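All of the numbers you see were taken from the coordinates with simple rules; none came from a lab. Since we're looking at a predicted model, the values are computed, not measured. Because the Cβ atoms are built from the backbone with ideal geometry, glycine has one as well, and the counts that use them run over all protein chains shown.
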Amino acid sequence: MKGPKTLYLVIPCYNEEQVLNITAETLKDKIENLKERNIISKESRILFVNDGSKDQTWSIIERLCNKNSLYQGIKLSRNEGHQNAVLAGLMTAKAYCDMAISLDADLQDDIDVIDQFVDEYYDGNDIVYGVRSKRDADTFFKRFSAESFYKLLKSFGVEIVYNHADYRLMSKRALEGLAQFKEVNLFLRGIVPLIGYPSSVVTYERHERFAGESKYPLKKMLSLAFDGITSFSIKPIRMISIVGVVSFLVSVGILVYSLIMNYLGQTITGWTSLACSIWALGGVQLLAIGIIGEYIGKIYNETKERPKYFIETFLKN
Ligand code: UDP
Ligand code: MG
């Protein structure tokens, strides 16, 4: 080891005025402590990414940056969502740091494990995943939906670290790897394992949000889950093909059956069977078209290669 390395903490913030001052103070203590113990360099920083907040978040960040050079702030031109905000922060930090840790503004993720993250980095790991040991702080619904999500992804063959959100350390080299993924619709949890450099896991307990409310309502959670699946797996399309083959075979059977019955003079009397098959097949077809449509929509979005965010202001001193 040639002297301590530079650590950047990257914090996406969307309408976090209620927590930001306390978060900034807490993280500052953490960083100062690590600096004093000569574990990280004096150039280490805390980088806030304002993701188009509608409240006082940006003015708080500005005030923090003016007060102490430990803080840096990025202002995105509009709200681009959690994943893009994290990415904007990481890609900016990449130029200055040896390692960066992304964490939420509400400090739900236990910051005391940052020491372990850094230890793992010095032990030669490029990526350190923070994994929640239990989720008592989350509501039953959130726990249940998250659990089902991980199981579903796994069954679709998507490599993902169980119970890991976006609390992770990445080395400069890993960040450079991340920069090479050009997908517009980025799902970091799925992408990062694909980088493949040495990695390890640190477990921690997740706390409750100490103020403010979750910015992840059901709609956003579902959309993240759906993106997670469709970005990494074409299994749903394959499943359609299987359903198609099975229904084709069944319909051949029905055809033969009705021809024989017709030949024997026993024509099918009711419309029930007809109606049933029309509805059942119609349903399957619509579902199939819907799923295919989702992927086409994805291709459409990806081919546009639109920029993921614009940095309006970068405060640093
Ligand atoms: N966030 C963001 N942009 C958004 C939504 C959320 O930058 O559009 C940030 C938010 O400020 C927080 C983090 O992403 O720092 C996680 O959000 P939150 O704590 O609301 O999610 P939860 O912990 O409830 O899943
Ligand atoms: Mg949270």
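Can you pull out the chymotrypsin sites (Phe, Trp or Tyr not before Pro) in region 233-317 that DSSP calls coil and that have at most 11 other Cβ atoms within 10 Å?
The qualifying sites are Trp271, Phe310.
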Antiparallel as a % of all DSSP beta bridges within region 7-232, to the nearest 5? 30
Nonlocal amide H pairs with Val131, under 5 Å, H built at 1.01 Å: Val202, Thr203, Tyr204
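By count of other Cβ within 10 Å, fewest leading, how are Met170, Met99 ordered?
By the 10 Å Cβ count, ascending: Met99, Met170.
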Unsatisfied cross-links (Cα-Cα over 25 Å) in the set Lys54/Lys172; Lys75/Lys172; Lys5/Lys28; Lys42/Lys308; Lys30/Lys219: Lys54/Lys172; Lys42/Lys308; Lys30/Lys219
When Lys and Arg each count +1 and Asp and Glu each count -1, what net charge do the other residues less than 15 Å away from Glu176, Cβ to Cβ, add up to? +2
Whose amide H sits under 5 Å from the amide H of Val10, counting only residues 5 or more places off or on another chain, with H placed in the peptide plane? Leu47, Ile101, Ser102, Leu103
Cα convex hull of the chain, projected area averaged across orientations, nm²: 19.9
Hydrodynamic radius of region 235-304 per Kirkwood, over alpha carbon pairs, in Å: 14.4
Could you name the lysines in cross-link range of Lys304, using Cα to Cα under 23 Å and dropping any fewer than eight places away on the same chain? Lys182, Lys220
Can you pull out the trypsin sites (Lys or Arg not before Pro) in region 21-81 whose DSSP state is coil and whose Cβ has at most 14 other Cβ atoms within 10 Å? Arg37, Lys42, Lys54, Arg78
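First select every other residue whose beta carbon is under 11 angstrom from the beta carbon of Gln56; then total the charges, Lys and Arg +1, Asp and Glu -1.
Within the 11 Å Cβ shell, the charges total -2.
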Stretch gain in nm, segment Lys154-Arg37, where the contour uses 0.36 nm per residue and the Cα spacing is subtracted: 38.0 nm
Only loop residues by DSSP count here, and only those with at most 10 other Cβ atoms within 10 Å; note down the GluC sites (Glu not before Pro) in region 274-316 that meet that. Glu305
